[in-house]
Amino acid sequence: MATSISLVGLSCFLLSLCLVCSLKEGYAFEELIESYAESYLTHNFEISSLFASSICNHSTKANERESTFRVVDKYGPCFQPSLHRSVVPPSLTDIIRSDRARIYSIQARLSSNSGCRDHIVEPNSLRIPVIDGSAFNTLSYLVTVGLGTPKKDLSLVFDTGSRLTWTQCEPCRSCYNQSEPRFDRDDSDSYVSIPRTDPVCAYVQRPVDPPHPVKSCSYEISYGDGSYSVGFFSKETLTMSATEKINSFLFGCGTDNKGKFGLEAGMLGLNQEDASIVVQTAQKYKKIFSYCLPSSASSTGHLTFGSQTPAPANIKYTKLVAQKSPFYGLDLIGIGLGGKKLNILESIFTTPGTIIDSGAVFTYLPRDAYTTFRDAFREAMSAYPRVTGPSASIETCYDFSKSSSVTVPEISFFFKDGTVVGIPGKYGLIEYSSTQSCLGFQESYAGDKYSIIGNSVQRTMEVVYDVAGQRVGFAPNGC
């Protein structure tokens with residue numbers, strides 16, 4: 001019996017040796033092993049980490065940074081109870097509806113836009129923490145800045161697609177409810193009204209029916225969902241931190257504001273137009289900013305103006321496409337799962353182009369790219385039961401109630417210059433209920449073939465916008 005077992009073992013050894021040799025004759029055996037591992041690059045997470053917890057978890061990296069404000073989710077565990085207001089969180093259907101309005105608005109503006117760039121100079125750096133505002137009608141992110149003298153702290157949604165910073169102002173003809181008291185220009189020693197004849201008044205669109213006094217520069221800004229703000233284009237002192245102030249900062253003092261805003265006090269515009277904070281602070285921060293979006297509503301992130309020393313670890317840069325200005329365009333040529341690029345024609349991405357956006361929640365791909373990606377994701381996730389989503393458009397959802405952990409394939413974005421950015425598959429999922437999550441990707445809508453890299457896949461990634469250097473960088477584990 002012992003002899004028989006030995007012969008069997010010897011035969012298996014020789015067979016294995018022959019197999020190895022034959023593989024080496026065709027191509028390197030090591031390459032086969034690497035290719036096999038790359039094709040199944042996955043990340044395993046505890047189910048509980050996919051959902052917001054009841055405990056506030058401040059980002060250690062954000063706390064270690066200088067000039068940092070503590071910012072919390074007003075509807076999460078980091079929120080101060082004295083300021084709390086009861087607001088029903090948006091459903092995924094609500095988010096899709098809001099995303100759709102936003103994308104239509106972006107699409108309408110892209111055809112005639114162009115941009116310019118400045119030379120890169122090493123600037124100072126300023127960092128502001130960021131929170132997840134997922135309880136608003138859209139999955140927005142907030143920062144708290146100080147406005148006026150003495151300063152008044154205001155929580156603003158920051159938006160890479162918006163041109164203007166504005167807040168609700170007293171006296172207000174029509175204002176929505178916000179958590180902090182509204183800004184009162186009469187209480188500020190540094191408020192300056194801009195005359196209608198001032199050249200900077202051309203930075204904003206004037207309303208058909210301007211508010212009084214008509215000799216002042218008035219503005220109107222509207223959003224894809226029908227929300228709007230109307231008021232006076234003015235100058236104020238913007239306090240970024242205890243040591244950093246921006247004097248004569250241009251902003252909208254809104255006296256007539258209406259729409260699907262949450263309890264935020266207004267908007268912080270981060271696109272590439274003249275009135276944005278990026279352009280206004282170009283001399284100081286050289287058109288460089290970055291953000292790290294928190295992993296969930298129970299965590300914090302940060303927003304940084306200026307370059308960082310040292311630079312974020314393992315950062316990868318790719319080209320910023322000037323033609324997509326004032327939005328931030330990228331040369332995306334492919335998408336992958338598990339470390340392997342999917343078989344999708346590059347022209348499907350390159351012909352229309354790609355935008356990276358802090359305001360859209362889902363990531364949007366042209367039809368052929370989306371269906372290929374969706375089917376590959378479903379196959380990779382076949383071990384988990386699929387459930388019916390909240391709407392027909394949200395079609396790939398999973399029930400994780402019977403699992404303690406989940407294994408999700410890594411998501412990769414491939415760019416024309418050879419840069420490949422890997423995203424933990426965890427952030428390709430969006431919470432549906434306490435035990436269910438849905439794929440955070442959607443098909444681009446009819447008439448809109450652009451790819452939009454939304455904010456859900458950007459979570460915990462340090463995204464660096466070096467506008468002057470015409471590049472965007474991605475660094476893992478930013479917060």
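The values are calculated or read from the model by the stated rules, or taken from the named source; none is laboratory data. Keep in mind the model is a prediction, meaning the values are calculated, not measured. Please note: Cβ atoms are built from the backbone with ideal geometry, for glycine as well, and neighbour counts cover all protein chains shown.
Can you tell me which residue within region 174-201, out of those that are hydrophobic (A, V, I, L, M, F, W, C) and modelled with pLDDT of 95 or more, is surrounded by the most Cβ atoms within 10 Å (Cβ to Cβ)? Spell out how you get there, then give the answer.
The initial filter retains those residues of region 174-201 that are hydrophobic (A, V, I, L, M, F, W, C), namely 175, 183, 192, 194, 200-201.
Going one step further and asking which of them are modelled with pLDDT of 95 or more, we end up with 183, 192, 194, 200-201.
Values: PHE183: 24, VAL192: 13, ILE194: 22, VAL200: 15, CYS201: 17.
The selected residue is PHE183.
For residues that are touching a residue at least 40 places away in the same chain (Cβ under 8 Å) and either among the small types (Gly, Ala, Ser) or closer than 14 Å to THR149 by Cα (or both), tally how many sit in region 246-258.
Residues in region 246-258 being touching a residue at least 40 places away in the same chain (Cβ under 8 Å) and either among the small types (Gly, Ala, Ser) or closer than 14 Å to THR149 by Cα (or both): 5 in total.
Identify, by number, the condition in (1) touching a Pro at 6+ places or on another chain (Cβ under 9 Å); (2) farther than 22 Å from TYR364 by Cβ; (3) surrounded by fewer than 24 Cβ atoms within 10 Å (Cβ to Cβ) that ALA297 doesn't meet.
(3)
Can you work out which of the residues in region 309-338 that are in contact with a strand residue (DSSP E or B) (Cβ under 7 Å, 6 or more places away or on another chain) and among the polar types (S, T, N, Q) is surrounded by the most Cβ atoms within 10 Å (Cβ to Cβ)?
Ranking the qualifying residues of region 309-338, first place goes to THR318.
For (1) part of a loop (DSSP other than H, G, I, E, B); (2) surrounded by 18 or more Cβ atoms within 10 Å (Cβ to Cβ), each residue gets a yes or a no:
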| site | (1), (2) |
| --- | --- |
| ILE344 | yes, yes |
| PRO352 | yes, no |
| VAL361 | yes, yes |
| TYR370 | no, yes |
| PHE373 | no, yes |
| ALA376 | no, yes |
| GLU379 | no, no |
| SER382 | yes, no |
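Tell me, please, whether a residue that is in contact (Cβ under 8 Å) with a residue 60 or more places away in the chain and in contact with an Asp or Glu (Cβ under 7 Å, 6 or more places away or on another chain) can be found in region 271-278.
There is no residue in region 271-278 that is in contact (Cβ under 8 Å) with a residue 60 or more places away in the chain and in contact with an Asp or Glu (Cβ under 7 Å, 6 or more places away or on another chain).
Please identify the pairs in which a residue from region 179-200 that is under 23 Å from GLU264 (Cβ atoms) and touching a residue at least 40 places away in the same chain (Cβ under 8 Å) has its Cβ atom under 8 Å from the Cβ atom of a residue that is surrounded by fewer than 18 Cβ atoms within 10 Å (Cβ to Cβ) and among the hydroxyl-bearing types (Ser, Thr, Tyr), counting only partners at least 6 apart or on another chain.
So the pair list comes out as SER188/THR149; SER190/THR149.
Pick out, from region 198-293, the strands (runs of 3 or more DSSP E) lying fully within it that include 1 or more residues that are under 20 Å from the mean Cα position of the chain (by Cα). I'd like the intermediate steps shown before the answer.
Details: elements: 218-222, 228-239, 245-258, 266-269, 288-292.
The strands (runs of 3 or more DSSP E) meeting that bar are 266-269, 288-292.
Could you give me the residue pairs with C-beta distances under 7 Å whose first residue belongs to region 88-111 and is over 23 Å from PRO390 (Cβ atoms) and surrounded by 15 or more Cβ atoms within 10 Å (Cβ to Cβ), whose second residue is modelled with pLDDT of 80 or more and small (Gly, Ala, Ser) wherever it lies, and which are 6+ apart or on separate chains?
Note: pairs meeting the criteria are ILE106/GLY161.
For VAL157, which of the numbered conditions (1) crowded, with 23+ Cβ neighbours inside 10 Å; (2) in a strand (DSSP E or B); (3) among the hydrophobic types (A, V, I, L, M, F, W, C) fails to hold?
Looking at each condition in turn, VAL157 falls short on (1).
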